[in-house]
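Here is the structure we will look at.
The values are calculated or read from the model by the stated rules, or taken from the named source; none is laboratory data. Bear in mind that the values here come from a model prediction, so they are computed numbers and not experimental data. So basically every Cβ, Gly included, is an ideal-geometry build from the backbone, and we count neighbours across all protein chains shown.
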Amino acid sequence: MPNIAGRILGDSLHWRDKPPAGPLAGPATRLLALDSARGILALTVVIHHVGLVSGVFDLQWAGDFAVLAFFVMSGYVLKLSYDNRPLAFLLKRVVRLWPVYAVCIFAGYALLGRLPPVLEMAWWPIFFNGDHPIVDLPAWSLYAEIWATPLMPVMFWVAARGRSVGLVAGTAYFLLILIDRRLFPIGFFGVGVALAGFNARLPQRLPAWTLWLGRISYSLYLSHWIILTALVLTLGKIGVILAAPLVVPLAWLLWYAVERPSIRWSRIAGIRAGIS
């Protein structure tokens, strides 16, 4: 096995301290400016990982910025689309997020020649650590998303109560971070929820390619690491060169075959749960 293949697989199985950034799936409500930003940031993450795997450059700072931005955007848009039905809200998010996640995790374990653990397919354990494998490195943020989702209605309630309640909640969150720093991402969802209370004037005339890229950004984020890993394991370092132009069209195929139906299924689940 080429050295680069061993390194990428080893990194993917033993991620410890600083995870790479990546976008989260957006809800049914579309805000064009955020879609455009999501697409650009998703592409930035791909470029960062291509450079990281090839050993040519490292854009970790851009990845760190992207993850914070996506958490904030997720909280912002979810707050605007929430209709005071917490159980239905949670059901829609699970149905929306799981299919693409499941396909990518299954593919990652297929590269290792084994089936994925049942608990991992169900987003468990809540946090990855150095002793637990993660075959699709960007998938860590989906754990942050899915386990923050049940807390979102609480954040929405706090945001509607005013500054005093918000200050108490913020203090409690800070204390929780001191106990366990892995809770750090939750606060950025809260920042997005707070920003949703302002009437932001977002641009509507945006480049079409950024909107298209934003549409497939969730699939692009979760699949590009698997594509890079597969080609590097097969071909060595030259696999990075071949993978770079393939990640976007393959992400589109994943969006078309899996993500697009999952969006439809999530809407059906919402309707059956009483969401109009």
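When the residues of the range 103-113 are filtered to those that are of a type in the set (A, V, I, L, M, F, W, C) and either surrounded by 15 or more Cβ atoms within 10 Å (Cβ to Cβ) or touching a residue at least 40 places away in the same chain (Cβ under 8 Å) (or both), which remaining residue is farthest from Ala257 (Cα to Cα)? Reasoning before the result, please.
Step one: filter the range 103-113 for residues of a type in the set (A, V, I, L, M, F, W, C), giving 103-107, 110-112.
With either surrounded by 15 or more Cβ atoms within 10 Å (Cβ to Cβ) or touching a residue at least 40 places away in the same chain (Cβ under 8 Å) (or both) added as a condition, the list becomes 103-107, 111-112.
On the way: Val103: 11, Cys104: 13, Ile105: 16, Phe106: 16, Ala107: 15, Leu111: 21, Leu112: 24 Å.
Per the criteria, the residue is Leu112.
Considering only the range 167-208, how many residues are in a loop (DSSP other than H, G, I, E, B) and either exposed (fewer than 15 other Cβ atoms within 10 Å of the Cβ) or among the acidic types (Asp, Glu) (or both)?
The first filter runs over the range 167-208 and keeps only residues in a loop (DSSP other than H, G, I, E, B), leaving 180, 184-185, 196-207.
Next, only the ones that are either exposed (fewer than 15 other Cβ atoms within 10 Å of the Cβ) or among the acidic types (Asp, Glu) (or both) stay: 180, 184, 197-205, 207.
Of the residues in the range 167-208, 12 are in a loop (DSSP other than H, G, I, E, B) and either exposed (fewer than 15 other Cβ atoms within 10 Å of the Cβ) or among the acidic types (Asp, Glu) (or both).
Looking only at residues in the range 38-55 that are more than 13 Å from Val67 (Cβ to Cβ) and of a type in the set (Val, Ile, Thr), which one is surrounded by the most Cβ atoms within 10 Å (Cβ to Cβ)?
Among those residues, the one meeting the criterion is Val46.
How many residues does the range 81-102 contain that are under 23 Å from Ala33 (Cβ atoms) and exposed (fewer than 15 other Cβ atoms within 10 Å of the Cβ)?
1
With respect to Ile227, determine if the residue is part of a helix (DSSP H, G or I) and under 19 Å from the mean Cα position of the chain (by Cα). Steps first, answer last, please.
Numbers: part of a helix (DSSP H, G or I): yes; under 19 Å from the mean Cα position of the chain (by Cα): yes.
Considered against the rule, which asks whether it is part of a helix (DSSP H, G or I) and under 19 Å from the mean Cα position of the chain (by Cα), Ile227 comes out as yes.
For the range 222-229, check the following and say yes or no: at least one residue is at positive phi and either touching a residue at least 40 places away in the same chain (Cβ under 8 Å) or surrounded by fewer than 23 Cβ atoms within 10 Å (Cβ to Cβ) (or both). Steps first, answer last, please.
Taking the range 222-229 as the starting set, the residues that turn out to be at positive phi are none.
No, because not a single residue in the range 222-229 is at positive phi and either touching a residue at least 40 places away in the same chain (Cβ under 8 Å) or surrounded by fewer than 23 Cβ atoms within 10 Å (Cβ to Cβ) (or both).
Being surrounded by fewer than 19 Cβ atoms within 10 Å (Cβ to Cβ), in contact (Cβ under 8 Å) with a residue 12 or more places away in the chain and not in a helix (DSSP H, G or I) is the filter here; which residues of the range 130-166 pass it?
Gly130, Pro133 - these are the residues of the range 130-166 that are surrounded by fewer than 19 Cβ atoms within 10 Å (Cβ to Cβ), in contact (Cβ under 8 Å) with a residue 12 or more places away in the chain and not in a helix (DSSP H, G or I).
Mind listing just one residue for me: the one in the range 213-239 that is β-branched (Val, Ile, Thr) and modelled with pLDDT of 90 or more and, of those, farthest from Ser141 (Cα to Cα)? Steps first, please.
Keep residues of the range 213-239 that are β-branched (Val, Ile, Thr), which gives 216, 226-227, 229, 232, 234, 238.
Remaining after also requiring modelled with pLDDT of 90 or more: 216, 226-227, 229, 232.
Values: Ile216: 17, Ile226: 15, Ile227: 18, Thr229: 19, Val232: 23 Å.
That would be Val232.
Across the range 49-80, what is the total count of residues that are aliphatic (A, V, I, L, M) and touching a residue at least 60 places away in the same chain (Cβ under 8 Å)?
Narrowing the range 49-80 to residues aliphatic (A, V, I, L, M): 50, 52-53, 56, 59, 62, 66-69, 72-73, 77-78, 80.
Subsequent filtering for residues that are touching a residue at least 60 places away in the same chain (Cβ under 8 Å) retains 50, 53, 67-68, 72-73, 77-78, 80.
Going through the range 49-80 one residue at a time, the tally reaches 9.
Among the residues that make up the range 114-124, is at least one of them touching a Phe, Trp or Tyr at 6+ places or on another chain (Cβ under 9 Å), part of a helix (DSSP H, G or I), hydrophobic (A, V, I, L, M, F, W, C) and surrounded by 14 or more Cβ atoms within 10 Å (Cβ to Cβ)?
Yes - at least one qualifying residue is present in the range 114-124.
Regarding the range 119-130, can at least one residue be identified that is out of contact with any Lys or Arg (no Cβ under 6 Å at 6 or more places or on another chain), modelled with pLDDT of 90 or more and over 27 Å from Leu228 (Cβ atoms)?
No, the range 119-130 contains no residue that is out of contact with any Lys or Arg (no Cβ under 6 Å at 6 or more places or on another chain), modelled with pLDDT of 90 or more and over 27 Å from Leu228 (Cβ atoms).
As an exercise: evaluate Ala243 against (1) surrounded by fewer than 21 Cβ atoms within 10 Å (Cβ to Cβ); (2) of a type in the set (A, V, I, L, M); (3) over 19 Å from the mean Cα position of the chain (by Cα) and give the number of the one condition it does not meet.
Tallying (1) surrounded by fewer than 21 Cβ atoms within 10 Å (Cβ to Cβ); (2) of a type in the set (A, V, I, L, M); (3) over 19 Å from the mean Cα position of the chain (by Cα), Ala243 fails exactly one: (1).
Checking Trp212 against (1) exposed (fewer than 15 other Cβ atoms within 10 Å of the Cβ); (2) out of contact with any helix residue (DSSP H, G or I) (no Cβ under 6 Å at 6 or more places or on another chain): exactly one of these is not met. Which one?
For Trp212, the exception is condition (1).
Run Arg205 past the list (1) in contact (Cβ under 8 Å) with a residue 12 or more places away in the chain; (2) over 26 Å from Asp136 (Cα atoms) and report the number of the one that doesn't hold.
Single failed check for Arg205: (1).
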